[in-house]
Amino acid sequence: MNNQVKIDKSEKAAAKSDTGPGKKQARKGSRSRFFRKKNTSPAFGAIDLGTNNCRLLVAHPTATGFKVVDAFSRIVRLGEGLSQSGELSEQAIERTLEALRVCVDKMERRQVRFSRNVATQACREANNCAEFMERVEKEIRIKLDIIDPQEEARLAVMGCKALLDQRFSNAIVFDIGGGSTELIWLRIGEKVAPEIIGWTSVPFGVVNLSEKYGTKHALTDGQYLEMKNMVKAELEAFEAEHDMRPHVEQGKVQLLGTSGTITTLTSMHLDLERYDRDQVDGTWVTSAHMQELCLELSRMSYEQRAARGGIGLDRAELVVAGCAILEAIMDLWPIEQIRVADRGIREGVLLDLMEKNRPSGKSRNNRSGNKKFFRKRKRKPARTGSGTEGNK
């Protein structure tokens, strides 16, 4: 695969941002007056509509990135039943429209000037997506941008790159979604902007796997192993293409995970009764302990998982499928530690918007758009298990 992405060095610096509570503010005088004046910089908004969640961030630019002033996240299960029917259900659409109304209200109250609203796997796959988009535009008065897996990978890397450890020469970034799982193979290093060597999107996520295997009863060990091996078989093609294992064996690869699955497991690892982003984001966890938690959860019923601290009712239904996907990744690339990111596409969208709308008008992205991140390819990238090319 020759689909390579160069992440701009200016964006790399911007990623070291005060994107969450407790982060240090930039020193006065470090950049232009646009960044220094309190409450005078424009507000930016980013909506990430996935198969399972609807998420919003609203932020103001700072000298080193951005400061979040509002956020929202709700499980809407837009892709519920999609794997069987091929369409978004009316109930799922209504739940999603209600969440989008909340997002728009928040953006209006914060006087958001620049925004981008992206949708991923469920909208890529649904036969009635056009009708859904029309309802969003008519009833919510925003437009959704359905991004392809390539753009999804780029934005995920932008959002998470501040957590890439430059002691490693490479990184594997994974995002376990509701309807698919994205894997990104990166080249990193000291004073070198992260570069996407390859990416893949496999058609298994926590929603469609949960629907296939059930969520209410405890799975047998055989069912859980079958689920894990099915995902692993899809990922093998990506490993075969890029020969990542030798780098892993030499200790040169960082494993970085972003998704509800890995953040939920980390919350359990930290024995948190209530989820705390400040404690989870950026934490290092051992793969061995993650495997222990995955095995424990896979043998529980829904009621037992729901009663377990740090999971909650909504996640209890989906976490076992997420565990199977995570274990498939850890089996294929046995790396001792995983760094956990409670950040991703939304943060990437915000950084991208802010770079494109800098007041100087000298943004490199403005001159060349997203094309600058992707080198010319001789052929289209393979999408492991993606079905039809270009639209899963």
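Across the stretch 122-258, how large is the tail of the calculated P(r) beyond 23 Å, expressed as a percent of all Cα pairs?
Tail fraction, whole percent: 48.
For q values of 0.15, 0.17, 0.26, 0.33 Å⁻¹, compute log₁₀ I(q)/I(0) with the Debye formula on a Cα-only model of the stretch 309-350, without solvent.
Taken in order of the listed q values, log10 I(q)/I(0) reads -0.58, -0.72, -0.99, -1.00.
Which of the aspartates and glutamates could a cross-linker span from Lys252 if the Cα-Cα distance has to be under 16 Å and same-chain partners fewer than 8 positions apart are dropped?
Asp165, Glu190, Glu195, Glu239, Asp243, Glu336
Counting only protein chains, not ligands or nucleic acids, how are Ile146, Ile176 ordered by accessible area (probe 1.4 Å), most first?
Ranking Ile146, Ile176 by accessible area, largest first, yields Ile146, Ile176.
Roughly what would the spin-label model give for Leu295 and Gln84, points 7 Å off Cα along C-beta, in nm?
If labels sit at Leu295 and Gln84, their model points lie 3.3 nm apart.
Heavy atoms only, probe 1.4 Å: what % of the accessible area of the stretch 217-366 goes to carbon and sulfur, would you let me know?
46
With all pairs of different alpha carbon atoms counted, what Kirkwood hydrodynamic radius in Å does the stretch 121-160 show?
The Cα-based Kirkwood calculation yields 11.4 Å.
Using only the Cα atoms of the stretch 90-180, construct the convex hull and provide its projected area averaged over every direction, in square nanometres to one decimal.
The orientation-averaged projected area of the Cα hull of the stretch 90-180 comes to 7.5 nm².
Assuming 0.36 nm per residue, please report the length gained on full extension of the stretch Glu131 to Phe72 beyond their Cα-Cα distance.
Contour length minus the Cα-Cα distance gives 18.7 nm.
In square angstrom, what is the accessible area per residue of the stretch 188-239 with a 1.4 angstrom probe?
Averaged over the residues of the stretch 188-239, the accessible area is 41 Å².
With respect to the cross-link table entries Lys106/Lys143; Lys67/Lys356; Lys161/Lys232; Lys67/Lys191, which display a Cα-Cα separation exceeding 19 Å?
Over 19 Å apart, Cα to Cα: Lys161/Lys232; Lys67/Lys191.
Contour minus end-to-end for Thr286 and Glu241, with contour as 0.36 nm per residue of separation and end-to-end as the Cα-Cα distance?
Extending this stretch completely gives an extra 13.5 nm.
For the stretch 189-340, count the residues as N, evaluate 2.2 N^0.38 Å, and divide the Cα radius of gyration by that value, please.
Relative to the rule-of-thumb radius for its length, the stretch 189-340 sits at 1.06.
With each pseudo-label sitting 7 Å past Cα toward Cβ, what's the Ala306-Glu249 distance in nm, one decimal?
According to this spin-label approximation, the distance is 4.7 nm.
How far is it, in nm, from the label point at Arg141 to the one at Leu272 when both lie 7 Å from their Cα along the line to the Cβ?
Reported label-point gap for Arg141 and Leu272 is 3.6 nm.
The values are calculated or read from the model by the stated rules, or taken from the named source; none is laboratory data. Treat the numbers as computed from the prediction; the structure is a model and nothing was measured. Every residue, glycine as well, gets a Cβ built from its backbone with ideal geometry; the counts of neighbours run over all protein chains shown. Ligands, DNA and RNA are excluded from the accessible area calculation, which covers all protein heavy atoms including side chains. Shrake-Rupley method; radii C 1.70, N 1.55, O 1.52, S 1.80 Å.
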